[in-house]
Structure formats: structure tokens, C-alpha cells
Amino acid sequence: MTNVKDRYEFIEEMFEKLGRISVEQIVGRYTKLIPRGRHWMGLCPFHRDTKLGSFIVTPDKGMWKCFSCGDEYAGNGVKFVSLYKNITYLEAAFEIAYEFGLITYDEYRRYYRRKYDELYVKKIESRYSQNQKKKVVRKKVNPVIIHNVYQCMKDCCSLSEHHRLSLIRDRKISLERIEQDYFTCPTNWRQKDTIIARIKEKYPAYTDEILMNIPGFFYDKKRGKLSFTGHKGLGILIRNSDSRIVAVQIRKDTIQEGDSRYIWFSSSFATYNPDEYYGGNGCGSPKDVCYPQMLKKHTLCITEGRFKSEKLTESGNISISVQGVTSWHGIEETIKHMKGIHNVFIFFDADILGKHVLFMQSEKMIRKIQDEFPGLYIRYAFWSKKNGKGIDDCIIAGNISKVKYYEAKRAAEICNDAYTHALGEYHVANLRELKQERAKEFEDYLQILTESMLGL
């Protein structure tokens, strides 16, 4: 059974992703919107409007409002859905996250149907409902301190034989890379106390007040001491374009159905319970940059997940991994720090060809990169799902020769044509008209159709 801390962490990350969905995208799914300067206008669905004028959406504020219905009928996209469907703010957030492909069906089913304390739901609404453009303010911590603390934590931890064998035998990762970035996460109080003592010994200026605001750390009032989150799993140091450690990702050893295998070393749960904890912080969803031992090419690969990056850098490429296709926002800031890049290859998982919502997210990412760096030549890498789900699986299985490369514009044309054809075959205009029980069938059909049209 998923514990409370995991649920809070999941919801925190979900709301961060929801902040990237514009208000007009959400509202526009329920009522037709027409652009009017910096605003969008539509017929209010709440009081059966017959002409434009009272219902206005303002994207740069992340807000909508019906001037006829009054102040109660205003807010962000989540508030709109909660009113439209007569559900709670948190329920509306789950609905939107699932509809836009930000969470999986298993995650939706696992977390949506949980009973949440009414006070907690009100806190969530109060925290996020005022203005979607106003992000949750995270406590700023010196990035050098974060790097030093995570490095020290890693140095204090060994790597279990199980994790070592898995990395060498299954993931085919070099011993040098394993030594640099991987460790077995500590879980018991004795290990935690030892690590915290070692950090304070090495960095005497790092007080409890400083450390408790580093993602993963918090001050436990009941125990009267500093602590940090514990999960049984493999720890992975996440680095930015300067090779500085910015976060720790954990690959959990065991999960229940619907749980995410990968989670962040985070303590944002502590902010929801100030009676028990001081401090606490989340790390967001940072981009992970891997450099090859020897740079052989002027090529950047974009993929999803560290293990995929590991295989791509073996060929002399630089690799950025995002933590899921929908988490690409801000990638242009990472690319800005990279010099001499001429080519970009997109290596998202093979099943993106059947998940058109995710493919559309990849198109948005490419458009952003092209806008910021018009001189870059961007291509998609595609392969049949039978040759491996991720590019790492494909490479390890010896199927790299089966990968085909398409210029981004041409790839989009083929994939969008396949999607349009599939909708026609199912006699629907869009995915919203598709019955839920046929969703998986449609996804499989689209995967096969698109692979065929790409010649995979």
C-alpha cells in the first residue's frame, strides 16, 4: 500500500507538471475559445451564454473569469474543471493530468481513488489556485552546498552486490561510470545519523537550518534531530551541464502495481505537516546531462532516463535525459550552456508512436529548441517496439542497425497522418470521443500503423 509521504510527493510533482499546461488548453477542451488580442473569449458554460463578452481567458495571467457569474467563477484551469464537473480541486487536477498524459492510467487509478483529508485538499487548493503562473516558491539553497552534500552522502554509501551486478550485467554500464554516480540508498536511522555526522564534520558551516532545506532533508521535531528521506533502491546522482550534482533520483527495488519505479530524493512532504517537521524541499524535475569519456561528435542526444543516456554517450555523444517526455520544459536553458553542438537526435521510447499525446509534447519541445537555436539540425530516431522499448534496450539487444532517422518535420508529418487515419478508422474526431475501454486497442493499432508508415 502506498504510504502517505509517497502520495504527497506524487501530488507535488503532478502539480508542478500541471503548471506547464496553459489555461486556454484546459478551458478550450470544454468550451470553444476565440482569440481576442491578449485574451481568449468564449461562451460561458456555467450560465448558458448566448454571445461573447462575459467569459474571458487571459493566458499571461493563467486565469479565466466570467464577469456575469461573479468572482466565484474565476481561477486557473484546475478550478475551471472542478466547477465544470462539480468535483474537488484535487480530483480536477488528477483528471487534467491524466487527460494531458502527465500521469499514467495506473497512477491515476492508484492515487485518484484514495481518500484525502478535507483539510489537506483545502491546503492544496489554497496553495495552487490563486494564479497558475505563480509557481510554488521553493526555498533557495546554494547549489554548491547541494552538490557537496549529495556527493558526501554518496561517498558514505556503498553499492550492494545486487545493484552492482544489475548495473554491470543487465545495464552494461562501465565500472568507472558506476563508481562516479551510483550508490545504494541508506534507509535505517543508524546509516542516516552516520551520514549527517559525516557531512557536518566535513562542512562545519552546514547547520541544521541549512541542511533541512536541501531536497530530501528535513528536521524531525518528534526525534529532535535532522533526518532525510529513505527508500530502498539505487541512488543516481543527477548532474547539470557543468557536471554539478543537482539532485538524486532513486530507482526503487520493489514497487506495487501503479507505483512509479523512479522517484526523486525529496522532502516536500514535510511542508504539508509543519507540526511534525521543519524544512523540507523538492528538487523539481531537473535535466540530467551525461558527457562521454571522450567527445567524438558535435551531437546532442535527448532521451528519457539515465540508463538510456549511458548507452548514448558510449558513442561519443552528449546526452540530456528528461524525466518523462512531458518534463522537457526548460531544456533550452540546459542546451545554452553547450558549445559546438550541430546536430540533435531525439531518442524517446519506441511506444511514443502509439501515444500521440506524448508525441505532440515532443513536437512542442522541438519547436522550442528550433526557436531558440535555429541553426541546429534536429532528427527523430525511431525503431520498432519489438526491438526494444528504450534505446538502451535496443542497443544492448544488438538492434541499433534497426534504428531509422527522420528529419523532425517529415517525422511529424508521417506520425500525424497516421494519427488522423487511426481516428478515421475508429470513427472519432479526437481521443476524447474514444470510449475508455477501447483506448488500449487504439494505442496498439496506432503503434503498428505508424511503425508501418515509417518503414520500421
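Taking the Cα centre of the stretch 159-232 as the origin, how large is its charge dipole in debye, to the nearest 20, when only Lys and Arg (+1) and Asp and Glu (-1) carry charge on their Cβ atoms?
Working: 15 positive and 10 negative charges, 52 e Å.
Rounded to the nearest 20 debye, it is 260 debye.
Its residue count N sets the reference 2.2 N^0.38 Å, and the alpha-carbon radius of gyration of the stretch 230-366 equals 1.15 times that reference. Inter-label distance, SER401 to ALA439: 4.0 nm, where each label sits 7 Å from its Cα along the C-beta direction.
Which pairs, out of LYS17/LYS123; LYS140/LYS339; LYS123/LYS435, put more than 25 Å between their alpha-carbon atoms? Let's see the in-between values first.
Values: LYS17/LYS123 18 Å; LYS140/LYS339 28 Å; LYS123/LYS435 34 Å.
LYS140/LYS339; LYS123/LYS435, as the Cα separations exceed 25 Å there.
This model, with +1 at the C-beta of Lys and Arg and -1 at the C-beta of Asp and Glu, gives the chain a dipole about its Cα centre of some 600 debye. Counting charges near LYS297 (Lys, Arg +1; Asp, Glu -1) among other residues having Cβ under 14 Å from its Cβ returns a value of +2.
When a/c reaches 1.5 or more, the comparison of a/b and b/c decides; with that in mind, is the stretch 288-406 rounded, prolate or oblate per its Cα gyration tensor?
Working: a/c = 1.67, a/b = 1.14, b/c = 1.47.
It is oblate, given that a/c is not under 1.5 and a/b is not larger than b/c.
Which one, PHE55, LEU234, ASN213, projects farthest toward the positive side of the charge dipole computed for the chain from Cβ point charges (K/R +1, D/E -1)? Positive-end residue among those listed: ASN213. Looking at the chain alone, DSSP beta bridges between its own residues are antiparallel in about 75 percent of cases. Only one of (1) 0.95; (2) 1.27; (3) 1.03 was calculated from the structure for Cα Rg over 2.2 N^0.38 Å, and its label is (3).
On the basis of the beta-carbon distance and an R0 of 41 Å, LYS140 and TYR426 show a calculated FRET efficiency of 0.25. Its relative contact order, with pairs defined as Cα atoms under 8 Å and 6+ residues apart, puts the chain at 10 percent. Taken along the Cα-to-beta-carbon direction at a fixed 7 Å, the label points for LYS339 and ARG114 span 4.7 nm.
At 222 nm, what helix-only mean residue ellipticity would the chain give, in deg cm²/dmol to the nearest 500, using -39500 (n - 2.57) for each DSSP H run of four or more? Write out the running numbers ahead of the final one.
On the way: 17 runs with 172 residues, N = 456.
Mean residue ellipticity at 222 nm (helix-derived): -11000 deg cm²/dmol.
Extension gain for the segment ALA205 to SER315, taken as residue separation times 0.36 nm less the Cα-Cα distance, is 35.4 nm to one decimal. If you take all other residues with their beta carbon under 13 Å from the beta carbon of GLY224, and give Lys and Arg +1 and Asp and Glu -1, the sum is 0. Neighbours of GLN370 by Cβ distance under 15 Å: Lys/Arg scored +1, Asp/Glu scored -1, total +2. Based on the alpha-carbon gyration tensor of the stretch 366-450 and its eigenvalue square roots a ≥ b ≥ c, which shape applies: rounded if a/c is under 1.5, prolate if not and a/b is larger than b/c, or oblate? Verdict is oblate for the stretch 366-450. Relative to the Cα centre, the charge distribution of the stretch 143-278, modelled as +1 at Lys and Arg Cβ and -1 at Asp and Glu Cβ, gives a dipole magnitude of about 240 debye.
When the Cα positions of ILE346, TYR406, GLY330 are compared along the charge dipole of the stretch 288-406, TYR406 comes out farthest toward the positive end, with charges on each C-beta of Lys, Arg, Asp and Glu.
Values in this text are rule-based calculations from the coordinates and carry no lab data. None of the values given here were measured: they were computed from a predicted structure. Here the Cβ is made from the backbone with ideal geometry for all residues, glycine too, and neighbour counts use every protein chain on show.
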